[in-house]
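A.B. asks: Pasting a structure here, questions to come.
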Amino acid sequence: MSIAQSLLSIVLEEAGRHQVQRVTKVAVKVGAWANVVPSSLTFSFDLIKEGTLAAEAILAIEQMPAQGVCHACGASIDMAQPVFACPECHSKDIELTSGQELYVDHIEAE
Amino acid sequence: MADINVGRNILEANERLAAEHRRRFAQAGVKVLNLISSPGAGKTSLLEQTLSRLAGRLRCAVIEGDIQTDEDARRVAACGVRAVQIETQGACHLDGAMLAQALEPLDLAALDLLIIENVGNLVCPVDFDLGEDLKVAVLSVAEGDDKPSKYPALFREAGVLLVNKIDLLPYVSCDLERIHRTCRALNPKQVAFDVSCKTGEGLPAWVDWLESWVKG
């Protein structure tokens, strides 16, 4: 719920700054490891958007896959499941490069 | 019809506050811990044990986060340590705005160590940076050895892992080595201690480490 509130305040701030009448769509990117459940975020956002410029806005959540890189051999690694070692060279020197995103990409408004 | 590019982090408000708090802590020369675990892992017992052992060694204060009641703040205050309670009224984690209020009555410059006990939860507290120097994960053996792989975010970000209630090992099916193996894989730099707040086992090593970390 606090993530939905932060999201709504960003949307309303942008809507005010661009002086739009109403927001029709809010596009959000959420990484697979961002600890955010899309359906819960939608549920909370829909509850609190009532009575605001974003009352009719559809929340479009794009889930970003978890990707990592191995610093030893340079392989890129699918990290959808927790990965503890590089599947190519078995090095443990791996790092998550994407999957923790949580941001408002763009909004559509009239 | 307008398409507005935004590109803003949803948690930016919290991250701004975290950066501000981090600056304040550094300026005051106080080290800050963010203590995170599930409910019942023994965070408050650990605080009681840690603070009584640190008496006369470090000047400490505690911020207690709970959904309701000030019971934990009273337990900590009974150890002779200043404790400020945050009742989140439903929120499952602490955020920068709640912390800002709790910091008001504290004289940070008069402290060596501030410990923030987060709301019992293995998920949400990890997303909300409080400006701390170190996250400490507490896991009790009764919760099961699968927790680090099921909740990897906390165990990846925690600089210290405390495995608590090791006095219960004979009674629960928990593979202690599996916990350490998973956590080492998630964060090879993590420092780990096995402790029991009931018997005191392992606590001196943890408290000595903490003291030298604060002074170092």
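The values are calculated or read from the model by the stated rules, or taken from the named source; none is laboratory data. Given the structure is predicted, the values throughout are model-derived calculations rather than measurements. Cβ placement follows ideal geometry from the backbone for every residue including glycine, while neighbour counts extend to all protein chains displayed.
A.B. asks: Kindly check whether there is at least one residue in segment B:49-70 that is within 13 Å of the chain's Cα centre (by Cα) and at positive phi.
C.D. replies: No.
Residues checked against (1) in contact (Cβ under 8 Å) with a residue 12 or more places away in the chain; (2) buried (at least 16 other Cβ atoms within 10 Å of the Cβ):
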| site | (1), (2) |
| --- | --- |
| B:Val141 | yes, yes |
| B:Phe155 | yes, yes |
| B:Leu169 | yes, yes |
| B:Asp175 | yes, no |
| B:Arg184 | no, yes |
| B:Gly200 | yes, no |
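A.B. asks: Look at B:Lys150 and say whether it is within 27 Å of B:Arg23 (Cβ to Cβ), within 14 Å of chain A (Cβ to nearest Cβ), modelled with pLDDT under 95 and surrounded by fewer than 19 Cβ atoms within 10 Å (Cβ to Cβ).
C.D. replies: No, not satisfied.
A.B. asks: Does A:Pro65 satisfy being more than 9 Å from chain B (Cβ to nearest Cβ) and either under 30 Å from B:Ser149 (Cα atoms) or not β-branched (Val, Ile, Thr) (or both)?
C.D. replies: Spelling it out, A:Pro65 is indeed more than 9 Å from chain B (Cβ to nearest Cβ) and either under 30 Å from B:Ser149 (Cα atoms) or not β-branched (Val, Ile, Thr) (or both).
A.B. asks: While we're looking at this one, here's another question. Filter segment A:69-104 down to the residues that are more than 20 Å from the chain's Cα centre (by Cα) and at positive phi and list them by number.
C.D. replies: The answer is A:Gly74, A:His90.
A.B. asks: So, one more: Would you mention how many residues in segment A:1-20 are more than 7 Å from chain B (Cβ to nearest Cβ) and β-branched (Val, Ile, Thr)?
C.D. replies: Summing the residues that are more than 7 Å from chain B (Cβ to nearest Cβ) and β-branched (Val, Ile, Thr) in segment A:1-20 gives 1.
A.B. asks: Hey, any hits in segment B:15-34 for a residue that's under 18 Å from the mean Cα position of the chain (by Cα), within 14 Å of chain A (Cβ to nearest Cβ) and either of a type in the set (Ser, Thr, Tyr) or outside any helix (DSSP H, G or I) (or both)?
C.D. replies: Checked segment B:15-34: no residue is under 18 Å from the mean Cα position of the chain (by Cα), within 14 Å of chain A (Cβ to nearest Cβ) and either of a type in the set (Ser, Thr, Tyr) or outside any helix (DSSP H, G or I) (or both).
A.B. asks: Considering only segment B:159-166, I want to know if a residue exists there that is within 14 Å of chain A (Cβ to nearest Cβ), surrounded by fewer than 20 Cβ atoms within 10 Å (Cβ to Cβ) and modelled with pLDDT of 95 or more.
C.D. replies: No - not one qualifying residue is present in segment B:159-166.
A.B. asks: Further question on the same structure: Out of all the residues in segment B:21-39, is one or more out of contact with any Cys (no Cβ under 7 Å at 6 or more places or on another chain), at pLDDT below 95 and not aliphatic (A, V, I, L, M)?
C.D. replies: No - not one qualifying residue is present in segment B:21-39.
A.B. asks: Among what's in segment A:13-37 and is at negative phi and loosely packed, with under 15 Cβ neighbours inside 10 Å, pick the residue that is nearest to the chain's Cα centre (by Cα).
C.D. replies: Restricting to residues being at negative phi and loosely packed, with under 15 Cβ neighbours inside 10 Å, the top hit is A:Val37.
A.B. asks: Only one of these conditions is not met by A:Tyr103: (1) more than 12 Å from chain B (Cβ to nearest Cβ); (2) touching a residue at least 40 places away in the same chain (Cβ under 8 Å). Which number is it?
C.D. replies: (1)
A.B. asks: I would also like to ask the following. Given the options B:Thr69, B:Thr44, B:Thr88, name the one that is more than 14 Å from chain A (Cβ to nearest Cβ), within 27 Å of B:Pro148 (Cβ to Cβ) and of a type in the set (Val, Ile, Thr).
C.D. replies: After applying the criteria, what remains is B:Thr44.
A.B. asks: Please count how many residues of segment A:1-48 are of a type outside the set (Ser, Thr, Tyr), assigned to a helix (DSSP H, G or I) and more than 14 Å from A:Tyr103 (Cα to Cα).
C.D. replies: Residues meeting the conditions: 10.
A.B. asks: In this structure, is A:Ile107 over 16 Å from the mean Cα position of the chain (by Cα) and of a type in the set (A, V, I, L, M, F, W, C)?
C.D. replies: no
A.B. asks: Filter segment A:10-66 down to the residues that are among the aliphatic types (A, V, I, L, M) and without any contact (Cβ under 8 Å) to a residue 24 or more places away in the chain and list them by number.
C.D. replies: The answer is A:Val37, and nothing else.
A.B. asks: Of all residues in segment A:73-89, count the ones that are out of contact with any Ser or Thr (no Cβ under 7 Å at 6 or more places or on another chain), more than 12 Å from chain B (Cβ to nearest Cβ) and of a type outside the set (Gly, Ala, Ser).
C.D. replies: Here the count works out to 5.
A.B. asks: Here's a follow-up. Check whether at least one residue in segment A:21-35 is touching a Pro at 6+ places or on another chain (Cβ under 7 Å) and either modelled with pLDDT under 95 or within 11 Å of another protein chain (Cβ to nearest Cβ) (or both), and report yes or no.
C.D. replies: yes
A.B. asks: Which helices (runs of 4 or more DSSP H) does segment B:145-190 wholly contain that include 3 or more residues that are out of contact with any strand residue (DSSP E or B) (no Cβ under 8 Å at 6 or more places or on another chain) and farther than 15 Å from B:Asn121 by Cα?
C.D. replies: Ranges flagged: B:176-186.
A.B. asks: Based on what the data block shows, is B:Glu211 touching a residue at least 60 places away in the same chain (Cβ under 8 Å) and among the acidic types (Asp, Glu)?
C.D. replies: yes
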